[in-house]
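Provided herewith is a single structure, encoded as structure tokens, for subsequent inquiry.
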Amino acid sequence: MEEYVNTFIDNFITGIPNLFTALAIFIVSLYIARVVGNILRRVLQKRAAPAGVTHLLSQLTLWTIIVIGTITALQRFFDVTAFLAGLGILGFTIGFALQDVMKNFAAGIILLLQRPFHVGETIGVKDYDGTVLEIDLRSTEIRAVDGRIVIIPNADILANPIVNYTRAILRRVDLSLSLPHEAEPNIARQLVLDAVQSIVGFVEEPMPMVMFNNLTSSALEMTVNFWVDVTKNNPAEAKNSALLNIKSAFGREGIQIPYPVQKVVTQD
């Protein structure tokens, strides 16, 4: 019994340096975890991330650093390789089973950090155009232009082009028109330019363009491009106003919109 006690005391005395080293490593990891967690929380708050998401990510970062520090401290007393190997196998199994969830989770973090769009902005993604209602770690909820509520997984959003309509202050409006062969092209061009310049939100730069691009058997086809300030007018409303103004201008000048002509030949 005495020999056992002496051995225990000798081992304890010998392990005191390792004990203090492990304790120091653990304390330092606690400090680093707290600092990094606070930094991450401030960054997410500046980016207007949801409070629940901010708390979750900061706590996840905090405990990840603490676990790493704890494993490093335990390494001073025994080999944790086998433990880490078993933990890795367990993590791989769980990750494989939840790969879609983890993929959306990672994509959600990237979206919250990069902020390609905010709640309330109008975006287009995966053939859906609408207003962003909510962004969380798994999915993004938007209200489509037709009123439908669409919930899109974050991984799908990150893997596809994102169109942010709200951040585009200037938008181009495109029109396709046809003139009869009897109409004078230069007069029609000037009528179109005058018609679009009177639209609410019209901007002079970039300059509007009227281009003739095709000549058919029944019409001279043209393309009209002009730009509007979306803070003053909606592009759809601007297009509607442009078409109405052009039709009125053509009517005053006696320019008729041509109809396709088909010639039917009959044989007796």
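The values are calculated or read from the model by the stated rules, or taken from the named source; none is laboratory data. These numbers come from a predicted model, not from an experiment. For neighbour counting, all protein chains shown are included, and Cβ atoms are generated from backbone atoms with ideal geometry for every residue, glycine included.
Taking only region 150-174 into account, find how many residues are of a type in the set (A, V, I, L, M), out of contact with any strand residue (DSSP E or B) (no Cβ under 6 Å at 6 or more places or on another chain) and farther than 19 Å from Arg47 by Cβ.
Residues flagged as of a type in the set (A, V, I, L, M), out of contact with any strand residue (DSSP E or B) (no Cβ under 6 Å at 6 or more places or on another chain) and farther than 19 Å from Arg47 by Cβ within region 150-174 amount to 4.
Within region 160-190, which residues are of a type in the set (A, V, I, L, M, F, W, C) and in a loop (DSSP other than H, G, I, E, B)?
Result: Ile162, Ala168, Ile169, Ala183.
To keep it simple, each residue is scored yes or no on (1) at pLDDT 80 or above; (2) at positive phi; (3) surrounded by 17 or more Cβ atoms within 10 Å (Cβ to Cβ).
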| site | (1), (2), (3) |
| --- | --- |
| Lys46 | no, no, no |
| Ala51 | no, no, no |
| Gln59 | no, no, no |
| Thr64 | yes, no, no |
| Ala82 | no, no, no |
| Met102 | no, no, no |
| Lys126 | yes, yes, no |
| Arg143 | yes, no, no |
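Residue-wise test of (1) basic (Lys, Arg); (2) touching a Lys or Arg at 6+ places or on another chain (Cβ under 9 Å); (3) outside the structural domain of Pro235 (by TED's automatic domain parsing); (4) at pLDDT below 80.
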residue: Leu87; (1), (2), (3), (4): no, no, yes, yes
residue: Leu111; (1), (2), (3), (4): no, no, yes, no
residue: Glu121; (1), (2), (3), (4): no, yes, yes, no
residue: Asp129; (1), (2), (3), (4): no, no, yes, no
residue: Leu137; (1), (2), (3), (4): no, no, yes, yes
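Counting only residues that are in contact with an Asp or Glu (Cβ under 6 Å, 6 or more places away or on another chain) and touching a residue at least 24 places away in the same chain (Cβ under 8 Å), which one in region 201-215 is farthest from Asn225 (Cα to Cα)?
Gly201
Being among the β-branched types (Val, Ile, Thr) and assigned to a strand (DSSP E or B) is the filter here, so list the residues in region 200-215 that pass it.
Val210
Could we say that Ala144 is of a type in the set (A, V, I, L, M, F, W, C), outside the structural domain of Asn240 (by TED's automatic domain parsing) and within 30 Å of Ala242 (Cα to Cα) here?
Considered against the rule, which asks whether it is of a type in the set (A, V, I, L, M, F, W, C), outside the structural domain of Asn240 (by TED's automatic domain parsing) and within 30 Å of Ala242 (Cα to Cα), Ala144 comes out as yes.
Another question, then. Residues in region 120-140 that are under 15 Å from Asn164 (Cα atoms), of a type outside the set (Phe, Trp, Tyr) and touching a strand residue (DSSP E or B) at 6+ places or on another chain (Cβ under 7 Å): how many?
So the answer is 13.
Can you confirm whether region 247-255 contains a residue that is touching a Pro at 6+ places or on another chain (Cβ under 9 Å), farther than 20 Å from Thr131 by Cα, not in a helix (DSSP H, G or I) and not aliphatic (A, V, I, L, M)?
no
Taking only region 113-128 into account, find how many residues are within 12 Å of the chain's Cα centre (by Cα) and within 21 Å of Val230 (Cα to Cα).
9
Please pick out the residue among Asn6, Asn38, Asn18 that is over 22 Å from the mean Cα position of the chain (by Cα) and at pLDDT 80 or above.
Criteria check complete, one pass: Asn38.
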